[in-house]
Amino acid sequence: MAQFRLQGSKVLAVDLTGDAVKAKNGSMVAYDGRMTFKRMTGGGDGLRGMVTRRLTGESMTVMEVKGQGTCFFADRASEINLVSLHGDKLYVEASNLLCTDAALRTGTAFTGLRGGASGNGLFTTTVEGTGQAAIMSHGEAVALRVSPQYPLHVDPGAYIAHQGNLSQKFQSGVNFRTLMGEGSGEAFQIRFEGDGLVYVQPSERNTIGGDV
């Protein structure tokens with residue numbers, strides 16, 4: 001299995017020994033050894049994945065990198081965070097997914113109004129199986145624990161990913177920037193309940209629910 005390691009906080013190094021990874025198209029910045037690069041049409045797992053992504057609007061163009069040596073990935077100087085999966089599922093916005101083990105399965109999941117409020121569409125990308133994934137953030141991401149006793153409220157513009165046995169509810173109400181007098185229009189939040197981790201970034205996206 002490919003070995004993921006960070007070079008600083010903005011470059012991902014992947015050591016390959018004949019195996020493969022899937023990475024965001026155009027994110028390779030350097031490599032040593034012998035590598036082959038193959039664009040994966042539609043960014044999904046086969047024809048079904050391609051059709052699903054076109055229907056849902058969850059756009060993720062990826063390439064398969066295979067070979068012997070080390071390949072380095074980066075994207076617009078974004079911070080990179082490693083996530084280990086052990087048979088579980090990661091939900092991540094397509095724009096925040098940099099690289100995964102080739103053995104991990106990718107798909108889509110319905111987010112409903114949460115996706116619409118965050119400006120990312122009604123579907124999000126899923127990564128499932130055993131292996132590693134690299135996700136990106138604007139500024140250093142923080143993994144926040146959710147437990148049955150302590151649900152978590154997240155600004156949709158700061159959300160990038162989550163994993164574990166979590167349910168999410170989209171709700172309107174006062175948000176963090178509104179409390180400081182910096183927001184306008186109707187504010188939205190995501191309420192996570194259950195047991196798992198939610199990854200948030202300190203730099204928020206523009207949303208359609210006002211200045212969230």
- Item | Accessible area in the full protein assembly, largest first, 1.4 Å probe, for Met1, Met63 | Met1, Met63
- Return the long-range amide H neighbours of Phe123 (sequence gap of 5 or more, or a different chain), with a cut-off of under 5 Å between placed amide H atoms. Thr111
- Item | For Ser147, solvent-accessible area (1.4 Å; no DNA, RNA or ligand), Å² | 20 Å²
- Message: Within the stretch 122-140, name every residue whose backbone N is under 19 Å away from a label modeled 7 Å from Cα of Ser9 along the Cβ vector.
- Response: 134-140
- Query: How many nm is it between the label spots at Gln68 and Leu82, if each spot is 7 Å from the Cα in line with the beta carbon?
  - Reply: 2.4 nm
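The values are calculated or read from the model by the stated rules, or taken from the named source; none is laboratory data. Every value quoted in this text rests on a predicted model; they were computed, and no experiment measured them. Positions of Cβ are backbone-derived with ideal geometry, glycine not excepted, and every protein chain shown enters the neighbour counts. Calculation scope for accessible area: heavy atoms of the full protein, side chains included, ligands and nucleic acids excluded. Shrake-Rupley method; radii C 1.70, N 1.55, O 1.52, S 1.80 Å.
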